[in-house]
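The values are calculated or read from the model by the stated rules, or taken from the named source; none is laboratory data. All figures in this text were calculated on a predicted structure; none of them were measured in a lab. Backbone-built Cβ (ideal geometry, glycine too); neighbour counts: all protein chains shown.
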Amino acid sequence: MGSRRPDRRELLKHGAALASGLTLGAVAPAAGQTPASGQAPASQPMIKGSKEMIAYGDRSRFVTSVRIPHPPGGRMSPDQFGLVFHVAAPLQDSVGVITPSSLHYVATTRGSFMPDIDPNEHRLMIHGLVDRPLTFTMDDLKRFPSVTRLHFIECAGNRATPRHRTVQETHGMTSCAEWTGVLLSTLLKECGVKSTATWFVAEGAEEVKGASSMPVAKAMDDVLVAYGMNGEPVRPQNGFPLRLVVPGFEGIFSTKYLRRIKLVDRYYLNYNDFGHLDQDPKVAALDYQIGPKSVITYPSGGQQLPGRGFYEISGLAWSGGGAVRRVEVSTDGGRRWNLAEIKGTPQRMAHTRFGYAWNWDGSETEILSRCTDELGQVQPTRAQIAKFWNVAMDASFRVPGLDNSIQPWRIARDGSVQNGYA
Amino acid sequence: MATLRLVAIVWLLGGVGFAQSPARFGIGRSPTPEEIRAWDISIGPTGEELPPGRGSAKEGAELYKQKGCAGCHGATGTGGPAPVLRSTAKPGVEVWERGRILPVRSPFATTVWDYINRAMPLNREGTLTPDEVYALTAFLLYINDVIPQDQVLDRESLPKIKMPIGDAYASLPDWKPRTRRLKDYPF
């Protein structure tokens, strides 16, 4: 068992055919002859140019990948009043590591209308235990030295259950974008943080003014005050015109519509903090930084393999602890683990694409992936987590903190793929 | 060769500009104390940010009907589509067994005040006066047997309320950058 790359001779033959095709194409066909270049015949449907399309491009009408309300069967988004709740990204169709902004997952603290904020009117205030409280306009913020970084954001509710059929349903509440903005540490140095400040509260400008408390140590390390996303301004559903990106922490901390940061000397227990309250200090600790996690996006639940033969298993890996160091794939239900190929250079707290060359022999099996991050944290199975906490792995078992357990996909003899938990 | 040497000398003398990052950039405007007060709705455990005002459970009971709270949270704080606000557990049942009920599980009464003030009522957030928020907080604490019906809450008395959870909640992690999320946790 194991991977099988296409035969070298096959590749050479294929390459030769390609090369000869190119040569033919380079020669202009004589009048009256059928073009041999593979150019489109005149009868092929065309997309007629429009002013709108020139100004702002659309995807092909054949590409229909969309977000869906989350969890499936839960609250509709939008509801009949236009309130938006959770929506999950279509990871099964993703390639590379960047989630297009229009497909980025969305979560709201409760059903929300998207605030329609005029960036010229928007202000960020930093105050509390600082030497110089300051208010910034959007133009002010863009004058500071900027950083551009790839970061995932993942919702704490991103959890696979037996009910979930597809990877969008099990894992779609994570997304990865290229964020541009000012480091929060740059702004805090401008304000001068007093030595008594140990926590900060970040607050959004939406109707509930959602707020969360975070350690100042995180602010000084890598928190980003972002105005850019994937090469353009952050979109309204993702926090226009300004949001916090708190790399590796549960998504709720990455405050959207950021309007205020207050430096304080204790945990402030404002709004979102109430939901984070826990009885067990160990569980409470796991509610901040996300553990190492990965999932196979192809082949994944609901997809169909056309038959035995070669496939590149493809998936995403990420960790709140830093960069992904290693991804392993098992194609025999977890008995043997094989090193996957990491595509590109893994970034800290960013989705990392992996691939694994696999020759399916047509028999029933289960495929899984697991990742290890730069801190040496390893993605666990549910059984390993239950054993660590010394609890039974029954129907009531829940992974403490954000669920980072290994996701199995079961492949039947007919090539259909199902959630291994179902 | 001579030209090269000249270029090197000019460069050493500072003819080539370097990027400059000052200790302070001098960007941004200093808000006035009044502006900060108007923006600052974060009420911490000491209650130092609480505005003047007062209210009791009796007034709160009226407001609970008037402001439409009952429509989502139920006439008695239970049975509506929105989160439960009154514990129906028998006396003696541990706080953590009573469900996630704001006026029961909050370690500080200030958290209840902050929550109502910033996020209620649905679609009319930010319209309650300080008196109304004090009264509604008092009402929610009264129906959960945290304070007596006639207790008046204000910026002095509110932070002093002993909440049922006491200190039976997890202290927060001493989080350090670039370390495991929980010491000795392999996952």
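For the subset of segment B:104-124 comprising residues that are at the interface with chain A (Cβ under 7 Å from one of its Cβ atoms) and assigned to a helix (DSSP H, G or I), which member is surrounded by the most Cβ atoms within 10 Å (Cβ to Cβ)?
Initial filter on segment B:104-124 (at the interface with chain A (Cβ under 7 Å from one of its Cβ atoms)): B:105-108, B:111, B:114-115, B:118-119.
Now narrow it down to the ones that are assigned to a helix (DSSP H, G or I): B:105, B:111, B:114-115, B:118-119.
Details: B:R105: 21, B:T111: 25, B:D114: 29, B:Y115: 24, B:R118: 22, B:A119: 18.
Here the residue is B:D114.
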Practice task
For segment A:302-312, indicate whether the set of residues that are within 27 Å of A:H127 (Cβ to Cβ) and either more than 9 Å from chain B (Cβ to nearest Cβ) or in a helix (DSSP H, G or I) (or both) is non-empty.
Solution key: no
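In segment B:44-83, how many are of a type in the set (A, V, I, L, M, F, W, C) and within 14 Å of chain A (Cβ to nearest Cβ)?
Here is the first cut: in segment B:44-83, the residues of a type in the set (A, V, I, L, M, F, W, C) are B:50, B:57, B:61, B:63, B:69-70, B:72, B:75, B:82.
This time we only want the ones that are within 14 Å of chain A (Cβ to nearest Cβ), so: B:50, B:72, B:82.
Within segment B:44-83, residues that are of a type in the set (A, V, I, L, M, F, W, C) and within 14 Å of chain A (Cβ to nearest Cβ) number 3.
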For this session: Within segment A:198-214, identify whether any single residue is under 25 Å from the mean Cα position of the chain (by Cα), at pLDDT 95 or above and not in a strand (DSSP E or B), and answer yes or no.
Result: yes
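Kindly establish whether A:I367 is on the phi < 0 side of the Ramachandran plot, surrounded by 15 or more Cβ atoms within 10 Å (Cβ to Cβ) and not in a loop (DSSP other than H, G, I, E, B).
On the way: on the phi < 0 side of the Ramachandran plot: yes; surrounded by 15 or more Cβ atoms within 10 Å (Cβ to Cβ): yes; not in a loop (DSSP other than H, G, I, E, B): yes.
Yes: the conditions hold for A:I367.
Whether any residue in segment A:134-143 is assigned to a loop (DSSP other than H, G, I, E, B) and modelled with pLDDT of 95 or more is what I want to check. Reasoning before the result, please.
In the first step, residues of segment A:134-143 are kept if they are assigned to a loop (DSSP other than H, G, I, E, B); the result is none.
No; the residues of segment A:134-143 include none that is assigned to a loop (DSSP other than H, G, I, E, B) and modelled with pLDDT of 95 or more.
Picking from A:Q377, A:Q418, which residue would you name as being surrounded by 22 or more Cβ atoms within 10 Å (Cβ to Cβ) and of a type in the set (S, T, N, Q)?
Details: A:Q418 fails: surrounded by 22 or more Cβ atoms within 10 Å (Cβ to Cβ).
None of the others qualify; the one that does is A:Q377.
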All conditions in (1) closer than 30 Å to A:H127 by Cβ; (2) at pLDDT 95 or above are true of A:A350 except (1)
message = Criterion first (within 30 Å of B:I36 (Cβ to Cβ) and either within 11 Å of chain B (Cβ to nearest Cβ) or surrounded by 24 or more Cβ atoms within 10 Å (Cβ to Cβ) (or both)) does A:K293 satisfy it?
response = no
Looking across segment A:209-244 at residues that are without any contact (Cβ under 8 Å) to a residue 60 or more places away in the chain, away from chain B (no Cβ under 14 Å) and small (G, A, S), the single one that is farthest from B:P177 (Cα to Cα) is A:G231
Checked segment A:66-75 for anything part of a loop (DSSP other than H, G, I, E, B) and closer than 19 Å to A:A160 by Cα; matches are A:R67, A:H70, A:P71, A:P72, A:G73, A:G74, A:R75
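If you scan segment B:125-142, which residues turn out to be assigned to a loop (DSSP other than H, G, I, E, B) and either more than 9 Å from every other protein chain (Cβ to nearest Cβ) or crowded, with 18+ Cβ neighbours inside 10 Å (or both)?
First pass over segment B:125-142, keeping only residues assigned to a loop (DSSP other than H, G, I, E, B): B:125-129.
Result: B:T127, B:L128, B:T129.
If you go through segment A:254-276 one residue at a time, do you hit one that is under 18 Å from the mean Cα position of the chain (by Cα), of a type outside the set (D, E, K, R) and within 14 Å of chain B (Cβ to nearest Cβ)? Even if it seems obvious, please write down each step before you answer.
Going residue by residue through segment A:254-276, those that are under 18 Å from the mean Cα position of the chain (by Cα) are A:254-256.
Of the ones still in play, those that are also of a type outside the set (D, E, K, R) are A:254-255.
So of that shortlist, the ones also within 14 Å of chain B (Cβ to nearest Cβ) come out as A:255.
The answer is yes; a qualifying residue exists.
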For segment A:367-386, pairs from a residue that is closer than 21 Å to A:T161 by Cα and outside the structural domain of A:G415 (by TED's automatic domain parsing) to a residue that is modelled with pLDDT of 95 or more and not in a helix (DSSP H, G or I), with Cβ under 8 Å and 6 or more apart or across chains, are none
The correct count of residues that are under 20 Å from the mean Cα position of the chain (by Cα), away from every other protein chain (no Cβ under 14 Å) and surrounded by fewer than 24 Cβ atoms within 10 Å (Cβ to Cβ) in segment A:322-335 is 2
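Results for (1) of a type outside the set (A, V, I, L, M); (2) under 18 Å from the mean Cα position of the chain (by Cα); (3) at pLDDT 95 or above, shown as yes or no for each residue.
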| site | (1), (2), (3) |
| --- | --- |
| B:T76 | yes, no, no |
| B:A82 | no, no, no |
| B:N117 | yes, yes, yes |
| B:P130 | yes, yes, yes |
| B:T137 | yes, yes, yes |
| B:K160 | yes, yes, yes |
| B:A170 | no, yes, no |
| B:D184 | yes, no, no |
Of the residues in segment A:380-401, those that are in a loop (DSSP other than H, G, I, E, B), surrounded by 15 or more Cβ atoms within 10 Å (Cβ to Cβ) and more than 10 Å from every other protein chain (Cβ to nearest Cβ) come to none
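Where residues in segment B:10-53 are among the aliphatic types (A, V, I, L, M) and surrounded by 10 or more Cβ atoms within 10 Å (Cβ to Cβ), which of them is modelled with the lowest pLDDT?
B:V10
Can you name every residue in segment A:277-290 that is buried (at least 20 other Cβ atoms within 10 Å of the Cβ) and within 7 Å of chain B (Cβ to nearest Cβ)?
As a first pass, look at segment A:277-290 and keep what is buried (at least 20 other Cβ atoms within 10 Å of the Cβ): A:277, A:284-290.
Listed by number, the residues that qualify are A:L277, A:A284, A:A285, A:L286, A:Y288, A:Q289.
Counting only residues that are among the polar types (S, T, N, Q) and not in a loop (DSSP other than H, G, I, E, B), which one in segment A:337-363 is nearest to the chain's Cα centre (by Cα)? Before the answer, list the steps.
First, the residues of segment A:337-363 that are among the polar types (S, T, N, Q): A:338, A:345, A:347, A:352, A:359, A:363.
Still in the running and not in a loop (DSSP other than H, G, I, E, B): A:338, A:352, A:359.
Details: A:N338: 24, A:T352: 10, A:N359: 28 Å.
Residue satisfying both the conditions and the ranking: A:T352.
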Of the residues in segment B:54-79, those that are in contact with a Lys or Arg (Cβ under 6 Å, 6 or more places away or on another chain) and surrounded by 17 or more Cβ atoms within 10 Å (Cβ to Cβ) come to B:G77
inquiry  = Looking at the structure I just gave you, is A:P247 touching a residue at least 60 places away in the same chain (Cβ under 8 Å), more than 14 Å from chain B (Cβ to nearest Cβ) and within 30 Å of B:S21 (Cβ to Cβ)?
reply    = no
Does A:S319 satisfy the condition of being within 11 Å of another protein chain (Cβ to nearest Cβ) and among the hydroxyl-bearing types (S, T, Y)?
-> yes
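Listed here are the residues, each with its yes/no results for (1) over 12 Å from A:S212 (Cβ atoms); (2) in a loop (DSSP other than H, G, I, E, B).
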{"site": "A:L244", "(1), (2)": "no, no"}
{"site": "A:I252", "(1), (2)": "no, no"}
{"site": "A:R259", "(1), (2)": "yes, no"}
{"site": "A:K262", "(1), (2)": "no, no"}
{"site": "A:L269", "(1), (2)": "no, yes"}
{"site": "A:D273", "(1), (2)": "no, no"}
{"site": "A:D278", "(1), (2)": "yes, yes"}
{"site": "A:A285", "(1), (2)": "yes, no"}
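Quick check on this structure: which one of A:R159, A:R163 is within 19 Å of the chain's Cα centre (by Cα) and closer than 30 Å to A:M393 by Cβ?
On the way: A:R163 fails: within 19 Å of the chain's Cα centre (by Cα).
None of the others qualify; the one that does is A:R159.
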Taking segment A:193-207 and the residues there that are buried (at least 20 other Cβ atoms within 10 Å of the Cβ) and within 8 Å of chain B (Cβ to nearest Cβ), the one that is nearest to A:D131 (Cα to Cα) would be A:V201
Of the residues in segment A:153-192, those that are buried (at least 22 other Cβ atoms within 10 Å of the Cβ) and part of a strand (DSSP E or B) number 9
